[in-house]
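First up is the structure itself, then whatever we jot down about it.
The values are calculated or read from the model by the stated rules, or taken from the named source; none is laboratory data. All figures in this text were calculated on a predicted structure; none of them were measured in a lab. Neighbour counts are summed over all protein chains in view; Cβ atoms, including those assigned to glycine, are modelled from backbone coordinates with ideal geometry.
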Amino acid sequence: MRRSTLKNNFNLNRYLSRYLAGEQSLRARRDISSKRFLTARSGVSDYDFESTELIEQSNKYFEAYNYITSFERLTKDILAEVNIQVSSNKGRGKGYRKTKGWIGVSLKKAKYVAPEPEEIDTLMDDLLNIVNSNDMEPMKKAHYAHTKLVLIHPFYDGNGRTARLVFDYLANKDNLETLNPYLYRLCVNEKEYFDFTTNFLTPKFKGFSNKEYADINTWTQDMYAKFRDIIKEAEKLMSQKLFLRNISEGACRLIGELWNNPIIHFDSFLKLNNWSNAQLKNGLDELTDIQVLEKRYFRENNGGEGDKLIFVCSPVLALFSQLENEMLKDFKNEA
């Protein structure tokens, strides 16, 4: 199984991008449900500004993921481009920072102060040499690269997102069956995640044998396996609905879209996708007739144009909710 796209067209990396994308992914992870997020992404909602902001960040992260994973080797210039794609502050331009860097609300209250700007080139060259070599076991290399980039903090903004994308790059390249370690911070224990990161700098860190690494690595691999099982069950449900059905090429194409966008609003879908009016109407009618899709009506809480017709693929919508519930069930600390 390729990590990025499962055989049923469900893209795990696109799904996870909303949790890895940035500031809103932390604050809104529980306030914005999968159903609300997907409804907003369908384009039917005109007033859900929080979801729209999260969708924009998620899209940027996923675009950067597609960009970084297109390369066989990483370079300074590639990382700078990745960083600018996900950075929320582009005013200072592309490249390494020329001022002090830290983790925290201010330098005075910093949890961690990063190396001086003049050290960054050497530190990043050393890190890229490790990333592009085969000298370290793949799983450990992915965790090492992610953590070291956070600690070097080479850019003005977006260092965490860039580090997460480097982990995802290595996980994809080496077909690692694991999730991003940042999800452990988001869903389980922020303190343990931060202890693992800062212990890279202290005598406490004894290679990859410490408890924090074991906890993070076990959780991310176990969660990946659970995700795989949940996705397989959703695939079975869809297969049962399609069993012995002779469906058109257009309906098959639409099913491929539903695996990542299980809520469709007709006009918005036409604007964003290369479909004709007739193609989409015929596909929606066909899948509604065989109960792959259900017609529902959406009404904005803040008014708007009244009820709007949407088409919902319940098995895939349930898949998104099941993944979310499984991932967040161990949530303990406010991140």
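Below is a table of values for the structure above.
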| item | result |
| --- | --- |
| Among (1) modelled with pLDDT under 95; (2) crowded, with 21+ Cβ neighbours inside 10 Å - the single one Arg164 does not satisfy | (1) |
| Selected residue (only one of Pro138, Pro154, Pro117 is farther than 23 Å from Arg185 by Cβ and modelled with pLDDT of 95 or more) | Pro117 |
| Scan of segment 251-265 for residues that are surrounded by fewer than 19 Cβ atoms within 10 Å (Cβ to Cβ) and not in a loop (DSSP other than H, G, I, E, B), ordered by number | Cys252, Arg253, Gly256, Glu257 |
| Sole residue being under 25 Å from Tyr156 (Cα atoms) and modelled with pLDDT under 95, chosen from Arg27, Arg36 | Arg27 |
| Exclusive hit being in a loop (DSSP other than H, G, I, E, B), in contact (Cβ under 8 Å) with a residue 24 or more places away in the chain and more than 19 Å from the chain's Cα centre (by Cα), set Leu151, Leu127, Leu123, Leu74 | Leu74 |
| Residues satisfying the stated conditions in segment 199-216, i.e. of a type outside the set (Val, Ile, Thr) and modelled with pLDDT of 85 or more | Lys211, Glu212, Tyr213, Ala214, Asp215 |
| Among residues of segment 193-247, those that are basic (Lys, Arg), in a loop (DSSP other than H, G, I, E, B) and over 30 Å from Ile290 (Cβ atoms), counted | 2 |
| Tally of residues being farther than 23 Å from Ile120 by Cα and either in contact with a Leu (Cβ under 6 Å, 6 or more places away or on another chain) or crowded, with 16+ Cβ neighbours inside 10 Å (or both) across segment 68-108 | 1 |
| Yes/no for Asn172 being part of a loop (DSSP other than H, G, I, E, B) and under 19 Å from the mean Cα position of the chain (by Cα) | no |
| Whichever residue in segment 269-289 is within 18 Å of Ser45 (Cβ to Cβ) and out of contact with any helix residue (DSSP H, G or I) (no Cβ under 9 Å at 6 or more places or on another chain) and, among such residues, is surrounded by the most Cβ atoms within 10 Å (Cβ to Cβ) | Leu272 |
| Selection from segment 36-51 of residues that are assigned to a helix (DSSP H, G or I) and either touching a Cys at 6+ places or on another chain (Cβ under 8 Å) or surrounded by 15 or more Cβ atoms within 10 Å (Cβ to Cβ) (or both) | Arg36, Phe37, Leu38, Thr39, Ala40, Arg41, Glu50, Ser51 |
| Boolean, Leu309 is part of a strand (DSSP E or B) and surrounded by 12 or more Cβ atoms within 10 Å (Cβ to Cβ) | yes |
